[in-house]
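> Got a structure for you, questions after.
The values are calculated or read from the model by the stated rules, or taken from the named source; none is laboratory data. Just so it is clear, the model here is predicted, and its values are computed rather than measured. For neighbour counting, all protein chains shown are included, and Cβ atoms are generated from backbone atoms with ideal geometry for every residue, glycine included.
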Amino acid sequence: MASNSTGTITVRILVDKEENTVLYAEAGKDFVDVLLSFLTLPLGTIARLVDKDSNMKPLRLGCISSLYQSLANLDPKYLNSETCKQMLLQPRNSMQRFNQRLKLNIDDTEPTKFYACEMPLCRSGSSMLVSTFNNTKCNCGKNLIHVLDVDYTISADDNMMEGYVREASFVVYDDLRVMPLNLTSILCVLKSLCSKDKIEDFAVNIEPKEVMDLLKFSLVSNTVLTDLLLRRKQIIDNPKASTLISKVQDRGDKRMKLNLVISKSKCKVLFAVVDEDFMDQLLSFLTIPLGSVEGVLQGNSGLGCIDKLYNSLSAFDESTDFTSGKNMFDDLKLAPQYKLNKQMLPISDVIYPSPLYVCYRNWVDHGPPCYRNVVKPDEPCYLSGYCMSNSGYSSGRSLPVNLWDPKLPSTSKSSYGYVKRPMLFLVADDLSAKPFSSRLVLSCLNESDSKVSELDLEETTICVGVQEVVNILKASLISTSALTTGLAQFITNSPIKEEQQRNHPAQTYILPEW
């Protein structure tokens, strides 16, 4: 979606003058909608956004930034289609219809559009092919560049596009906990106040660059509003969070093999050799909304104040506080067509109606077919000034079309993932990945920061399931050694494994069915 680069949001902040800290902010719907929109951003989008300059310097998001950069450098020939790279570098937001009218929106991802073949003949009959990406080709060999004007996913009621919370006032704490402003929240605030003589309140304006800074601070700071509005830090440290991993109930029905090369003296994974299925799991991290990550990790991602923001939503009244009448962040989904056939993480996706329909007007009686809008069956075309079907003249107002799977290889009838098959990749500890080769192995072993003797090397083959993928996901957010941290249980004498066993010997979370 195109970002809204202009506009200002005003909030009032209460400041402890002696400590120079923000106690809380009183904000309206616009500011809270911006905060909640952060939870809808895919990790790949966040990595791309925080790598930009704003008032603050660029920030790296753990190993996600390394994974994203290695994908940017990857030759598309190793992927199933040219579209796969675009899908991963510019992941779609499944909640775009809620974000499109935000007063300040920093997400620069293009909104979803539907494309059909540029040849009119291909846009007739039930074999019409439609794609949500314009770099795919029709069966005739021509490009799918004919734009169908209305995206089905945003043709909902207006209130479904007016952000996340209803018009109201909210209390936003320094750590981004959000509460609707009511008697309970006021009493809670009063209890936290120190001497009134040390307190002042004033209004501040939030502009687009501050929103970018707000996103950066929310990932790494525990005092976001203070750092953003008072201290105005210019240097942000990378997250320093606990590497303890949340336990999940592994159903054991999905397992994958990978080869690890470990430095025994450093208790560190130097690299892993993985097949296409496991590489798909890693690449899929880029497509997962931040709120979905919070859901999988039970509100314990270790990212700055994001946990506090996410967990505070459980106190909202679904029927009165949210525009949709429910807490959508309890079950944030992947954007349509992003779910893997062999996906291990328990996150579902938004599914387009099947089949999709396009507006059709009878050729013989009323001129050329419309073929301009994706519509619901048995409903009139949206282009009332262009298409006569709205006047009831059309004998057939909608025509089913075939939706193209952008991950589908040109030589296959079934889609598995993003990476071509068969394929091996070498994945470094920071999740940067390249196609496997002997030359690359030698290069990794000779790097100055990981150079080890042959006697210190240990090669082992392991089987990983949902638990290990969840471990790697969390580690990728809060460290630059996702494999060493996430796979600590497979490393002899690992200090991370010992810490986990000492502090969380039997904690288990049950993943939802999906």
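> May I ask you to list the residues in the stretch 391-424 that are over 27 Å from residue 273 (Cβ atoms) and at pLDDT below 65?
Result: 391, 392, 393, 394, 395, 396, 397, 410, 413.
> I would also like to ask the following. Just wondering, is there one or more residues in the stretch 196-218 that are crowded, with 17+ Cβ neighbours inside 10 Å and of a type in the set (Ser, Thr, Tyr)?
The answer is yes; a qualifying residue exists.
> Can you tell me which residue is modelled with the lowest pLDDT among those in the stretch 285-328 that are part of a helix (DSSP H, G or I), out of contact with any helix residue (DSSP H, G or I) (no Cβ under 6 Å at 6 or more places or on another chain) and among the small types (Gly, Ala, Ser)?
Going through the qualifying residues, I end up with 319.
> Where in the stretch 1-76 are the helices (runs of 4 or more DSSP H), entirely inside, with at least 3 residues that are of a type in the set (S, T, N, Q)?
Working: elements: 29-40, 43-50, 64-72.
Of the helices (runs of 4 or more DSSP H) lying wholly inside the stretch 1-76, those with at least 3 residues that are of a type in the set (S, T, N, Q) span 64-72.
> Would it be correct to say that residue 17 is under 23 Å from residue 323 (Cβ atoms) and touching an Asp or Glu at 6+ places or on another chain (Cβ under 7 Å)? Outline the logic, then answer.
Details: under 23 Å from residue 323 (Cβ atoms): no; touching an Asp or Glu at 6+ places or on another chain (Cβ under 7 Å): yes.
It is false that residue 17 is under 23 Å from residue 323 (Cβ atoms) and touching an Asp or Glu at 6+ places or on another chain (Cβ under 7 Å).
> Let me ask something else about it. Has the stretch 159-167 got any residue that is surrounded by fewer than 22 Cβ atoms within 10 Å (Cβ to Cβ), closer than 25 Å to residue 401 by Cβ and either out of contact with any Pro (no Cβ under 6 Å at 6 or more places or on another chain) or modelled with pLDDT of 85 or more (or both)?
For the stretch 159-167, residues surrounded by fewer than 22 Cβ atoms within 10 Å (Cβ to Cβ), closer than 25 Å to residue 401 by Cβ and either out of contact with any Pro (no Cβ under 6 Å at 6 or more places or on another chain) or modelled with pLDDT of 85 or more (or both): present.
> Check the stretch 305-326 and report whether any residue there is surrounded by 22 or more Cβ atoms within 10 Å (Cβ to Cβ), closer than 30 Å to residue 421 by Cα and of a type outside the set (A, V, I, L, M, F, W, C). Steps first, answer last, please.
Within the stretch 305-326, the first condition is being surrounded by 22 or more Cβ atoms within 10 Å (Cβ to Cβ), and the residues that meet it are 305-306, 309-310, 313.
So of that shortlist, the ones also closer than 30 Å to residue 421 by Cα come out as none.
Taking every residue of the stretch 305-326 in turn, none turns out to be surrounded by 22 or more Cβ atoms within 10 Å (Cβ to Cβ), closer than 30 Å to residue 421 by Cα and of a type outside the set (A, V, I, L, M, F, W, C).
> State yes or no: is residue 77 in contact with an Asp or Glu (Cβ under 7 Å, 6 or more places away or on another chain) and either assigned by TED's automatic domain parsing to the domain that holds residue 29 or buried (at least 23 other Cβ atoms within 10 Å of the Cβ) (or both)?
Working: in contact with an Asp or Glu (Cβ under 7 Å, 6 or more places away or on another chain): no; either assigned by TED's automatic domain parsing to the domain that holds residue 29 or buried (at least 23 other Cβ atoms within 10 Å of the Cβ) (or both): yes.
So residue 77 fails the test.
Condition check ((1) part of a loop (DSSP other than H, G, I, E, B); (2) touching a Leu at 6+ places or on another chain (Cβ under 9 Å); (3) in the same structural domain as residue 77 (by TED's automatic domain parsing); (4) modelled with pLDDT of 85 or more) across all residues:
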| residue | (1), (2), (3), (4) |
| --- | --- |
| 451 | yes, yes, no, no |
| 458 | no, yes, no, yes |
| 461 | no, yes, no, yes |
| 474 | no, yes, no, yes |
| 492 | yes, no, no, no |
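> If residue 92 meets every condition in (1) more than 18 Å from residue 133 (Cβ to Cβ); (2) basic (Lys, Arg); (3) part of a loop (DSSP other than H, G, I, E, B) apart from one, which number is that one?
The number of the failed condition is (1).
> Here's another thing I want to ask about it. For the subset of the stretch 425-449 comprising residues that are part of a loop (DSSP other than H, G, I, E, B) and either at pLDDT 95 or above or small (Gly, Ala, Ser) (or both), which member is farthest from the chain's Cα centre (by Cα)? Outline the logic, then answer.
Initial filter on the stretch 425-449 (part of a loop (DSSP other than H, G, I, E, B)): 429-432, 436-437, 446-449.
Those left that are additionally either at pLDDT 95 or above or small (Gly, Ala, Ser) (or both): 429-432, 436-437, 448.
Values: 429: 22, 430: 19, 431: 17, 432: 18, 436: 27, 437: 31, 448: 34 Å.
The qualifying residue farthest from the chain's Cα centre (by Cα) is 448.
Residue by residue, here is whether (1) modelled with pLDDT of 95 or more; (2) within 30 Å of residue 443 (Cα to Cα) holds:
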residue: 172; (1), (2): yes, no
residue: 177; (1), (2): yes, no
residue: 201; (1), (2): no, no
residue: 224; (1), (2): yes, no
residue: 238; (1), (2): no, yes
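> Additional query: Within the stretch 344-368, track down each residue that is at pLDDT 80 or above, touching a Ser or Thr at 6+ places or on another chain (Cβ under 7 Å) and surrounded by fewer than 20 Cβ atoms within 10 Å (Cβ to Cβ).
Scanning the stretch 344-368 gives a single hit, 350.
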